[in-house]
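The values are calculated or read from the model by the stated rules, or taken from the named source; none is laboratory data. From a predicted model like this one, the values you see are computed outputs, not experimental measurements. Note: ideal-geometry Cβ built from the backbone for every residue, glycine included; neighbour counts use all protein chains shown. To get the accessible areas, we keep the full protein, side chains included, count just its heavy atoms, and leave off ligands, DNA and RNA. Shrake-Rupley method; radii C 1.70, N 1.55, O 1.52, S 1.80 Å.
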Amino acid sequence: MNPIVKGALVVGALLVVGAGVVAGLRGGRTSPESGDAPAPHPAPKQTLTLAAAADLKFALDELVKEFRAKHADADLQVTYGSSGNFLAQISNGAPFDVFLSADVAYPRTLAEQGLVSEEGIFSYAVGRLVVWVPNGSPLRVETLGMKALLEPAARRIAIANPQHAPYGRAAEAALRNLGVHDAVKDKLVLGENIAQTAQFVQSGSADAGLIALALARAPAMKQEGRYWEVPLDAYPRLEQGGAILKRARNVELAKQFRDYLLGTEGKALLKRYGFFLPGT
């Protein structure tokens, strides 16, 4: 064989072997153009669990959606219920990071138990109470106010359970202060929390309900019913407050959420749903 040809064949064989070794080092690829490097795994999301008063349901759902849009790495998980029940659960070790109560007294109780982080307690809203009826109801709440509950058509009246729901205590106080409690006490049906109370009257299980203005202003209920706002001096002020809990797994994320809730955007959203803001 021609020496030049023979040498060329040897060099070519060495190049092929060399390419195979390089390909093996690159994960078995025979060509750098055969595929890109594996995509890096996305960073795990940071989880934040919130225990929230039921009157926040619609406003907080919207606020959480906005917060997630600005913090793509955050996974917020919200449980809604009565503030008094959350107090008992958190006192007994429930693994929440943030507590948003319809009564600031509950976070203060947790602070006394040593269960609140050094960030302390914060006030975020003042709740308001309304009498709500479906659009087809004959009850004239707009003109009669609380006295509408004395009409025969008000056979069942829903309020939240005063034992553990701040709005239930407010409703009971309003019924007494406006002089109708004794006449309607046997008609009362109790919701586990203010959201269930609203559901009772919205579904027809009750003829009228004393519910949070924030729920009455939610799109579904706003379209389906009418309401009369109970005068603020008829019930104790519903000062709503929250706390970052001592066992919070991600205090920094909890602080970011709290600051967003208390910031310009959070305040505007709460105001739109009918909450007063602290200091007003």
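Summary of computed values
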item	result
Leading residue by the ranking (farthest from F58 (Cα to Cα)) among those in the range 78-101 that are open to solvent by 40 Å² or more (accessible area, probe 1.4 Å) and not small (G, A, S)	N92
Helices (runs of 4 or more DSSP H) fully within the range 129-233 counting 3 or more residues that are among the polar types (S, T, N, Q)	194-203
Matching residues in the range 102-113 - criterion: being surrounded by 21 or more Cβ atoms within 10 Å (Cβ to Cβ) and not in a helix (DSSP H, G or I)	A102, D103, V104
Residues that are over 21 Å from G93 (Cα atoms), crowded, with 23+ Cβ neighbours inside 10 Å and touching a Leu at 6+ places or on another chain (Cβ under 7 Å), drawn from the range 234-256	Y235
Subset of the range 119-130 (residues that are of a type in the set (G, A, S) and either on the phi < 0 side of the Ramachandran plot or crowded, with 19+ Cβ neighbours inside 10 Å (or both))	S123, A125, G127
Extreme residue, nearest to P95 (Cα to Cα), among residues of the range 136-168 that are open to solvent by less than 60 Å² (accessible area, probe 1.4 Å) and hydroxyl-bearing (S, T, Y)	Y167
Set V133, V116: member being farther than 30 Å from L261 by Cα, buried (at least 21 other Cβ atoms within 10 Å of the Cβ) and in contact (Cβ under 8 Å) with a residue 40 or more places away in the chain	V133
The one condition in (1) outside any loop (DSSP other than H, G, I, E, B); (2) in contact (Cβ under 8 Å) with a residue 24 or more places away in the chain; (3) farther than 18 Å from G168 by Cβ; (4) open to solvent by 80 Å² or more (accessible area, probe 1.4 Å) that D259 fails to fulfil	(2)
Residue within the range 200-216 that is without any contact (Cβ under 8 Å) to a residue 60 or more places away in the chain and surrounded by 18 or more Cβ atoms within 10 Å (Cβ to Cβ) present	yes
